[in-house]
Amino acid sequence: MLLPVNSKCECGHQNAVGTVLCEACGKPLEEQLMKSNEPLEMRYDGVARRSQKANPDFLDKIWNFFSSVKIAIYLIIITFLGAMLGTIFPQASTFISATFNPKVYYSEQYGLAGEIYYFLGLHNTYSSWWFITLLVMIGTSLVICSIDRVLPLYRALNKQQIRKHHAFLKRQKATYSGQVTDEPVQWTKQYGEALKKKGYKVHIDESGTALLAEKNRFSRWGPYINHIGLILFLLAVLARSIPDWNVDTYVSITDGDTVPIVGTNYYVKSDGFSMELYDNDELPIELKDSGRVKTFKTDVVLYECAANCGDDFLQPELQEVKQHTILVNDPLRYKELKLHQFDFNLTPRINAVSPMIINKETGESYGPFHLTMVDPELYYEVGPYSMELIDKYMDFSINSEGEPITLSSSPNAPAFIFNIKGPNLAEDGEMFMYFPLEKDKVRFSQDTINRELANKLEIKVDGMENVDFSAATTYLNVRIDKAVKFLWIGAFFSMLGLIMGTYWQHRRIWLRIDDNQLTLGAHTNKNWFGLRADAAYALKRCGIELDPKSLDNGGHKG
Amino acid sequence: MGKNRKKVQIIVLLFAFVIGGYAIFQTFTNDTPGTIKEGQAVPDFRLANLQGEPISLQDYNGSPLVINFWGTFCEPCIREMPSFERQYEEWKDKGVEVVAINLSEDTLTVSNYVKKLGVTYTILRDVDRKTEKKYGLRSYPTTFFVNPNGTLSSVFVGEMKESQIHEHIEKIVGG
């Protein structure tokens with residue numbers, strides 16, 4: 001674009017560098033543009049963008065880079081292309097296993113392409129430095145483009161000169177020239193009255209022969225409100241990287257347990273997971289006996305830690321804050337915390353048993369006594385017997401060297417070693433190994449281990465009512481997303497701006513009468529049909545009847 | 001107007017630089033959440049020892065510290081414990097401390113094992129796997145070598161040979 005050095009208009013107004021149409025009278029300032037007869041480009045009302053300067057310094061150059069809509073469009077296109085790369089293979093963040101190794105996974109699963117994908121860091125596209133940099137640049141561009149355009153536009157629209165240059169009026173895309181037979185001041189007034197009925201705000205200058213009628217100016221702010229919404233949206237997305245703003249983890253809770261949610265101040269207890277299947281009469285014939293799941297649910301109690309929270313030496317003081325039955329798509333919600341049903345495991349876990357001691361020689365039985373799997377009591381007095389717990393194994397096994405070991409810390413195959421004293425037993429007591437689970441008794445041949453003691457006494461659980469076990473383990477997905485409300489606010493403003501700019505149009509009609517010669521020009525951003533109809537309607541009211549189409553000066557789109 | 005414009009320019013670009021810079025910086029630090037990087041301070045803890053007394057990370061301020069996570073169900077953990085014991089004996093005059101945090105097992109299990117193994121360094125008891133999770137453990141055994149100022153020197157995942165323990169301790173004593 002040619003920048004005229006002398007930007008002073010013949011009407012006396014001093015325009016800023018880069019102004020296309022005089023800010024006051026609307027006269028085209030460029031020689032070339034003045035000579036042409038094409039309809040005028042009315043974007044931003046022909047005012048200069050804020051940053052247009054004759055001698056830009058370094059800061060101006062950065063500013064001008066971001067102020068360019070062309071650059072903004074390139075940035076958006078590059079971001080779209082980049083975002084597409086992230087959809088070629090699954091992103092690493094979608095794998096939740098602790099042992100997931102992206103380096104191995106991509107090359108094994110996708111071969112060379114996967115290896116390249118991983119090498120280029122595309123397994124983390126959306127949190128990569130270049131993708132975030134693009135987002136930051138788009139955000140900066142949004143802010144700077146908006147500031148550079150909205151402020152001059154606001155000024156231009158806020159103090160519009162009513163009497164416009166002839167060239168300005170005649171080169172609008174809707175224009176009319178003709179003779180006025182009535183007294184010009186009276187005619188102008190009448191024309192204004194007619195437009196007022198159509199909802200226009202009408203301004204007439206002091207001479208009474210120039211008019212500006214304007215409607216729905218607020219729709220011009222739509223794009224900028226939309227941008228504010230988008231900026232909020234982007235900031236909210238970036239805010240997710242602030243520690244604690246975005247938590248996405250998993251907890252596994254066996255029925256009846258209370259577990260801490262690491263990284264928060266919450267504890268959660270499961271009162272039981274259950275899975276319900278459809279009855280056969282609820283299913284179509286083809287699906288009968290197929291075991292279709294109706295509901296997965298977990299009854300949970302949420303606790304907040306009130307004292308001794310960061311301290312694992314003292315017992316935390318828990319305060320119940322919420323109870324909820326979690327279903328799929330019906331998470332527990334408490335403040336920003338959400339717990340979603342994610343998975344389950346129906347392997348039961350034994351918690352405690354209440355066995356009897358039976359004297360095999362006399363047939364008498366004593367007890368029961370309560371034996372927990374975790375942190376059991378060390379001494380028991382049962383009838384005439386006294387028992388000391390010497391050792392225990394949660395998941396009993398024999399290692400390669402023939403020594404007893406535990407394979408895990410879960411009570412999959414619990415084993416207890418007691419030193420038992422009592423009638424007909426050695427004075428220092430005799431060792432007795434006890435497997436609470438029947439299958440382990442056989443597998444590890446309890447009776448063989450206990451030798452002759454096995455003939456003297458037995459420890460036995462009498463019926464399932466004396467076994468305390470958890471039927472299932474539930475897996476919950478823990479979500480905290482503090483940014484989500486800002487996403488919604490951003491989306492709201494973005495939508496508000498779109499609606500303002502889409503469903504309303506800024507319509508302006510200017511006219512001037514010089515010695516009974518009427519010159520009228522009208523401008524809108526869209527729906528020219530409606531604008532021409534408005535202008536023609538008011539002309540008709542003033543005695544000039546014409547087809548609205550005849551106002552068309554060409555060059556518009558719609 | 002001209003002056004104002006410069007001010008707006010500086011403020012907007014500064015904001016973009018600070019917020020954008022922070023966001024971009026985060027992408028370099030946040031790639032594996034939950035794991036501690038070398039040079040970062042190791043997470044705090046306060047846990048019971050075998051005598052039931054509280055021991056916290058601050059108690060080791062200023063000492064080179066070895067934090068080993070172990071469980072009786074983890075054979076390699078048990079196998080490496082005698083090596084740690086010998087290394088502890090070798091280095092304790094230089095102020096090196098060894099802390100073995102048990103993976104939330106119960107009292108009887110832990111005390112029986114410690115008795116059997118005869119280790120003299122400090123055994124602590126994690127609760128509900130909280131400390132383990134704070135340290136971002138993925139497999140056992142895992143050993144953290146901590147500088148006297150409380151920052152991480154190195155992590156070793158898997159069973160350690162005595163010579164390896166020696167090398168790692170040398171580094172935290174030297175630094």
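Taking the helices alone, chain B has a mean residue ellipticity at 222 nm of -14000 deg cm²/dmol, built from -39,500 (n - 2.57) per DSSP H run of at least 4 residues and averaged over all its residues. Counting Lys +1, Arg +1, Asp -1, Glu -1, what net charge surrounds B:PRO141 among other residues with beta carbon under 13 Å of its beta carbon? Here the count lands on -1. Under a 5 Å amide H cut-off, with hydrogens placed 1.01 Å from N, A:GLY272 pairs with A:GLY256, A:ASP299 among residues at least 5 apart or on other chains. As a proxy for reagent exposure, A:LYS196, A:LYS549, A:LYS441 were ordered by neighbouring Cβ count within 10 angstrom, fewest first; the result is A:LYS549, A:LYS196, A:LYS441. Just checking the listed ones, B:LEU108, B:LEU50, B:LEU14: in the Gaussian network model of chain B with Cα springs under 10 Å, the one fluctuating most is B:LEU14. Counted by Cβ distance under 15 Å from A:PRO284, the other residues give a net charge of -2, where Lys and Arg count +1 and Asp and Glu count -1. P(r) for region A:1-98, from all Cα pairs and a bin width of 5 Å, is 2, 11, 15, 15, 12, 10, 8, 6, 5, 5, 4, 4, 2, 1, 0 %, short bins first. Residues of region A:227-255 falling in the label zone of A:MET495, defined by backbone nitrogen less than 19 Å from a point 7 Å along Cα to beta-carbon, are A:227-237. Here A:SER274, B:SER139 are placed in order of increasing Cβ neighbour count within 10 Å, fewest first, which gives B:SER139, A:SER274. Measuring max minus min along each principal axis, the C-alpha atoms of region A:413-529 give extents of 135, 26, 23 Å (largest first). For region B:35-175, just list the percent of Cα-Cα distances falling in each 10 Å bin from zero outward, please. P(r) over region B:35-175, rounded to whole percents: 12, 48, 37, 3.
Here A:LYS70 is the anchor, and the aspartates and glutamates within straight C-alpha reach of less than 19 Å, apart from those fewer than 8 places off in the same chain, are A:GLU41, A:ASP60, A:ASP148. Taking each of A:LYS8/A:LYS164; A:LYS170/A:LYS540; A:LYS8/A:LYS215 in turn, the alpha-carbon distance tops 22 angstrom for A:LYS8/A:LYS215.
Positive-end ranking of A:LEU476, A:PRO548, A:LEU425 along the dipole of the protein assembly as shown, with charges on Cβ about the Cα centre, is headed by A:PRO548.
Gyration tensor over the Cα atoms of the protein assembly as shown: the corresponding equivalent ellipsoid has semi-axes (square roots of 5 times the eigenvalues, largest first) of 81, 32, 20 Å.
Could you check which residue among B:ILE36, B:ILE11, B:ILE55 shows the biggest mean-square fluctuation in a GNM of chain B with a 10 Å Cα cutoff? Answer for the Gaussian network model of chain B: B:ILE11. Residue exposure proxy: A:LYS201, A:LYS61, A:LYS215, ordered by other Cβ atoms within 10 angstrom of their Cβ from fewest to most, comes out as A:LYS61, A:LYS201, A:LYS215.
Enter the mean projected area of the convex hull around the alpha-carbon atoms of region A:49-156, in nm², rounded to one decimal. Don't jump to the answer; show the numbers that get you there.
Numbers: hull surface 37.2 nm².
With the hull built on Cα positions only, its mean projection is 9.3 nm².
Counting only Cβ charges, +1 for Lys and Arg and -1 for Asp and Glu, the dipole size of the protein assembly as shown around its Cα centre is about 7040 debye.
For the residue pairs A:LYS197/A:LYS485; B:LYS134/B:LYS171; A:LYS159/A:LYS189; A:LYS103/A:LYS335, alpha carbon separations beyond 31 Å are given by A:LYS197/A:LYS485; A:LYS103/A:LYS335.
The Cys residues in the protein assembly as shown with no partner Cys Cβ within less than 4.7 Å of their Cβ are A:CYS145, A:CYS542. Residues in region A:87-97 carry Karplus couplings, in order, of 9, 5, 10, x, 6, 4, 5, 7, 9, 9, 5 Hz; the curve used is 6.51 cos²θ - 1.76 cosθ + 1.60 with θ = phi - 60°, and Gly or Pro positions show x. The 3J(HN,Hα) values that the Karplus relation (6.51, -1.76, 1.60; θ = phi - 60°) gives for region B:18-29 are, in residue order, 5, 5, x, x, 4, 4, 5, 4, 4, 5, 8, 9 Hz. Gly and Pro appear as x.
Helices in chain A, meaning DSSP H runs of at least 4 residues, each add -39500 (n - 2.57). Divided by all residues, the mean residue ellipticity at 222 nm is -9500 deg cm²/dmol.
Quick note: the coordinates plus some simple rules give every number you see, no bench work behind them. Note that this is a predicted model, so its numbers are computed, not measured. Note: ideal-geometry Cβ built from the backbone for every residue, glycine included; neighbour counts use all protein chains shown.
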